[in-house]
Amino acid sequence: VVEAYKQGLRPALGYELNPWLLCLANYRAWRAGYHGKVSFLKKDLWKVDLSDCNNVIVFLAPSVKPPLATKLLAELPDGARVVAGRFPFPSWTPSSTLGQGLEQVWAYDMKEVRRAVQSSTQG
């Protein structure tokens with residue numbers, strides 16, 4: 001979230017259910033000098049409406065990616081971009097990748113993901 005803010009993405013907002021990880025995220029933001037500029041909320045990602053999000057960054061286990069892909073396809077606008085850290089979405093083709101190993105990220109443009117999903121269901 002802090003890096004997203006540094007890259008100019010506003011608002012920079014994170015969701016976390018684990019209270020310890022929520023405290024850690026807020027502490028790290030404060031320590032980096034971004035207190036009040038970024039926010040972390042104790043909310044369930046599955047219950048949050050993402051329809052107004054243009055940039056989504058996720059660091060989640062591979063087992064969570066398929067149901068999350070369904071949620072993102074249903075809620076995000078065509079112009080949205082999703083960046084996945086550590087593990088890619090297994091059924092999506094990334095627009096770009098950066099890094100390698102544990103530091104690799106995959107970027108997906110929702111318009112392209114939707115086009116590919118529609119093509120695969122029609123064919």
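General remarks:
- Segment 54-122: relative contact order in percent, alpha carbon pairs under 8 Å with at least 6 residues between: 33
- Segment 1-43, relative contact order in percent, only Cα pairs under 8 angstrom and at least six apart counted: 50
- Relative contact order of the chain: 18 percent, from C-alpha pairs under 8 Å at least 6 residues apart in sequence.
- Surface accessible to a 1.4 Å probe, per residue, for the residues of the chain, Å²: 66
- Look at the dipole of the chain built from charges on Cβ: of L45, T97, L72, the Cα furthest out on the positive end belongs to L45.
- Share of Cα-Cα pairs in the chain lying beyond 27 Å, as whole percent: 18
- Degrees between helix 19-31 axis and first principal axis of the chain (Cα, 0 to 90, nearest 10): 70
- Reach of K71 by Cα under 21 Å, taken over lysines that are not fewer than 8 positions away in the same chain: K42, K43, K47, K111
- Heavy-atom SASA rank of K42, K37 (probe 1.4 Å, accessible area, largest first): K42, K37
- Projecting label points 7 angstrom from Cα along Cα→Cβ for T97 and K37 puts them 3.2 nm apart.
- At R0 = 25 Å, FRET efficiency that the Cβ-Cβ distance of D44 and K111 yields, to 0.05: 0.40
- Magnitude of the charge dipole for the chain, about its Cα centre and with charges confined to Cβ atoms of Lys, Arg (+1) and Asp, Glu (-1), is about 240 debye.
- Applying both filters, DSSP loop and at most 11 other Cβ atoms within 10 Å, to the chymotrypsin sites (Phe, Trp or Tyr not before Pro) of segment 1-93 gives W46, F59.
- Kirkwood-based Rg to Rh ratio, segment 1-43, C-alpha trace: 0.95
- Residue-averaged 222 nm ellipticity for the chain, from DSSP H runs of 4+ at -39500 (n - 2.57), nearest 500: -10000 deg cm²/dmol
The values are calculated or read from the model by the stated rules, or taken from the named source; none is laboratory data. These numbers come from a predicted model, not from an experiment. Every residue, glycine among them, receives a Cβ derived from its backbone with ideal geometry; neighbour counts consider all protein chains shown. For the accessible areas, the whole protein counts, side chains as well, though only heavy atoms, and no ligand, DNA or RNA atoms are used. Shrake-Rupley method; radii C 1.70, N 1.55, O 1.52, S 1.80 Å.
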